[in-house]
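Visitor: Here it is, the structure, as C-alpha cells.
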C-alpha cells in the first residue's frame, strides 16, 4: 500500500530561526497518525510545508503519489489550530461556501451539510452568525468544514479544543469512522490520552527534528522501565533521576530519566526519612511519560 503522505528530511528556516531541521515520516490510508511535540517544536510549520503554504528549504514531500496540485488540495481537509470561520456570516451559507471552494456543487454540499449539522447538534443553529455560537459549537462547525467535502487526507490540529466530554466522544467516534472508511488522518494534539486511544503510529518532533517515530506499542516497549507507580506518605518530588512526579488518584507516578533504573530510585527513597513507601512498582510508561522522557531528558528511542 502506498503512503498518502511521504515526508523526507524536510527543513524550513525563517531568517536565523530553524523552525524545522530534519523531519521524515509517512502516513497511510486507514490510519490515525499522531504528530506530536511541545509548543514551538515545529509541528505547525511541518503541516504548513506539507500543505504548500510554506516552501521547504530542503527535503521532499509527496502527497497521493505526486506533487501537491490544486486537484490534490481538494482531497485534503485541514482543521488548523488557529480557527478561521467568517464571524459575521450565518453558519449554513459559510459552510456551503467553503465546500464549494473544495469543488463540491452547492446542491450536494447542502444535502451533506444537513446530515452533519444534525449529527453535531447544530441544525437548529444553522441560521445564526458564527460569532453567536459558543466556543464548542464553533469547534464543531470547523470540523464540519474540514469533513464536508469528503477528503482522503484529514489533518486535525487540537480537534478536541473547547469540547465537553460528550462532544469529545462524538468527535473521537467520527475520527475513527473516517479511519475505517480508509482515510489517512494526521492528528496533532497535546492530549496524550487521546493519542493513546486513537493513534497506531506517531512522530514526536522536538526542536525541529523527528526524535521518535513508529508504532505506539513498539515505542512503549522501548521505554519499558521508564515509569514507576508508588503509594506512600510524604512528597515524592525532587528525586534524583526522576524527570517528573505527578499524583494520580492518590498514587504517585514517576517518569524516569533514560538510564536510571527503578531500583536506583527505590534506593534513593529508602535513604530519605521524610517519606514512607507502602507500595512501589514498575509501571508501563504512558505516552505522557515517554513525551517527558524524550523532551525533558533528551532521550531517543532505542537508548538504554
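Visitor: Which residue, 93, 285, 16, has the most motion in a Gaussian network model of the chain that connects Cα atoms within less than 10 Å?
Guide: 16
Visitor: For the chain, modelled as a Gaussian network with Cα springs under 10 Å, which listed residue fluctuates most, 195, 275, 211?
Guide: 275
Visitor: Taking percent of Cα pairs over 25 Å apart as the quantity of interest, determine which of (1) 44; (2) 55; (3) 52 was computed from the displayed structure.
Guide: The calculated read-out lines up with (2).
Visitor: Using Cα pairs under 8 angstrom and six or more residues apart, how large is the relative contact order of segment 29-127, in percent?
Guide: Here the relative contact order equals 16 percent.
Visitor: Going by how many other Cβ atoms sit within 10 Å of their own, how do 157, 121, 251 line up, fewest first?
Guide: Numbers: 157 19, 121 13, 251 16.
Lowest count first: 121, 251, 157.
Visitor: Once you've got the GNM for the chain with C-alpha springs shorter than 10 Å, pick whichever of 99, 270, 184 has the biggest mean-square fluctuation.
Guide: Its mean-square fluctuation being the largest, the pick is 270.
Visitor: Using Cα pairs under 8 angstrom and six or more residues apart, how large is the relative contact order of the chain, in percent?
Guide: Working: 566 pairs, mean separation 61.6, N = 304.
20 percent.
Visitor: For 1, 137, what ranking results if the residue with the fewest other Cβ atoms within 10 Å of its Cβ goes first?
Guide: Ranking 1, 137 by Cβ neighbours within 10 Å, fewest first, gives 1, 137.
Visitor: OK, next. Let me know the shape class of segment 153-262, please: from the alpha-carbon gyration tensor, a ≥ b ≥ c as square roots of the eigenvalues, rounded when a/c is under 1.5, otherwise prolate if a/b is greater than b/c, or oblate. Intermediate values should be presented prior to the final figure.
Guide: Details: a/c = 2.54, a/b = 1.66, b/c = 1.53.
Prolate, because a/c is 1.5 or more and a/b exceeds b/c.
Visitor: For every helix of n ≥ 4 consecutive DSSP H residues, a contribution of -39,500 (n - 2.57) applies; sum these over the chain, divide by its total residues, and give [θ] at 222 nm rounded to the nearest 500 deg cm²/dmol. Please report the intermediate quantities before stating the final value.
Guide: Working: 10 runs with 98 residues, N = 304.
My calculation for the chain gives -9500 deg cm²/dmol from helical runs alone.
Visitor: With a 10 Å Cβ neighbour count serving as the proxy for reagent exposure, in which order, fewest first, do 252, 116 appear? Mind dumping the intermediate values first?
Guide: Numbers: 252 23, 116 19.
By the 10 Å Cβ count, ascending, the order reads 116, 252.
Visitor: Post the alpha-carbon centroid distance, segment 180-242 to segment 63-137, in whole angstrom.
Guide: Between the Cα centre of segment 180-242 and that of segment 63-137, the gap is 32 Å.
Visitor: So in segment 5-219, what percent of DSSP beta bridges are antiparallel if you round to the nearest 5? List each step's numbers first, then the result.
Guide: Numbers: 20 of 38 bridges.
Bridges in segment 5-219 that DSSP calls antiparallel: roughly 55 percent.
Computed from the coordinates by the stated procedures, all read-outs in this text should not be read as laboratory data. Keep in mind the model is a prediction, meaning the values are calculated, not measured. Positions of Cβ are generated from backbone atoms using ideal geometry, with glycine treated the same way; all protein chains shown enter the neighbour counts.
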